[in-house]
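Colleague: The structure is given below, and queries will be raised subsequently.
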Amino acid sequence: MNAARSLLLSPSYALAGLLVGSHLCAAAAAALALPGWPGGVLAALLAALGLAAAWSRALLRSRRSMRRISLEAGKAAVELAGGDSFPAEAGGHVSRLMVTLAVRHPSRRFLVTADMLDGDSFRALRIWALWGKLPGAGVAGKQLAA
C-alpha cells in the first residue's frame with residue numbers, strides 16, 4: 001500500500017541563473033532594437049522581471065512560492081510559503097530534469113526541477129506525475145532480484 005509522502009522544496013540556483021540570464025538577453029535585444037530611452041526603459045523592465053521571476057519561482061522567497069508537495073495515491077496538494085494549500089495535478093510535462101504541476105485555484109502551473117528535491121523525492125514525484133501512484137516498498141527489490 002502506498003503511504004502519503006511530503007516533499008520539502010529547496011531553492012534552485014541553476015533555475016534562478018537561467019531565468020535572470022534569459023531575461024538579461026531579452027533586455028539586451030530590446031535595448032539594441034529600440035534605441036534611446038524607450039529601449040532603456042524596456043530593458044530595465046525586462047531585467048526586473050527576470051529578477052522577480054527568479055525570486056519567486058526558483059529561489060522560493062515569495063509568499064506565493066511553492067514550499068511543500070504532499071503526495072498520495074491519485075492526488076497531491078501544494079503548500080505555499082504563505083500557508084495556503086491547494087490540490088494539484090500533473091501538469092503535462094515530466095522529464096528527468098523537471099516536472100510541472102497544475103493548480104486549478106488559483107489557475108497556475110508550478111515547475112519543480114531536479115535540484116529542488118533529493119534524488120528519491122524527485123523520483124517519487126516523477127512516478128506520481130506519470131502514474132498517479134507512489135513507488136511502493138519492496139517493488140524495485142523484487143524486480144532487481146529477478
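The values are calculated or read from the model by the stated rules, or taken from the named source; none is laboratory data. From a predicted model like this one, the values you see are computed outputs, not experimental measurements. Backbone-built Cβ (ideal geometry, glycine too); neighbour counts: all protein chains shown.
Conditions (1) over 19 Å from S10 (Cα atoms); (2) modelled with pLDDT of 90 or more; (3) under 16 Å from the mean Cα position of the chain (by Cα); (4) buried (at least 16 other Cβ atoms within 10 Å of the Cβ), marked per residue:
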site	(1), (2), (3), (4)
G92	yes, no, yes, no
L101	no, yes, yes, yes
A124	no, yes, yes, yes
G138	yes, no, no, no
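Colleague: Is it true that A14 is exposed (fewer than 15 other Cβ atoms within 10 Å of the Cβ) and either touching a residue at least 40 places away in the same chain (Cβ under 8 Å) or closer than 25 Å to M98 by Cβ (or both)?
Modeller: The answer is yes for A14.
Colleague: Going by what's in this entry, would L51 be described as touching a helix residue (DSSP H, G or I) at 6+ places or on another chain (Cβ under 7 Å) and in a strand (DSSP E or B)?
Modeller: no
Colleague: Okay, next question. For the range 77-104, which residues satisfy the criterion of being among the small types (G, A, S), in a loop (DSSP other than H, G, I, E, B) and farther than 21 Å from D115 by Cβ?
Modeller: G82, G83
Colleague: Name every residue in the range 56-76 that is over 13 Å from M116 (Cβ atoms) and either basic (K, R) or surrounded by 17 or more Cβ atoms within 10 Å (Cβ to Cβ) (or both), in order of residue number.
Modeller: S56, R61, R63, R64, L71, K75, A76
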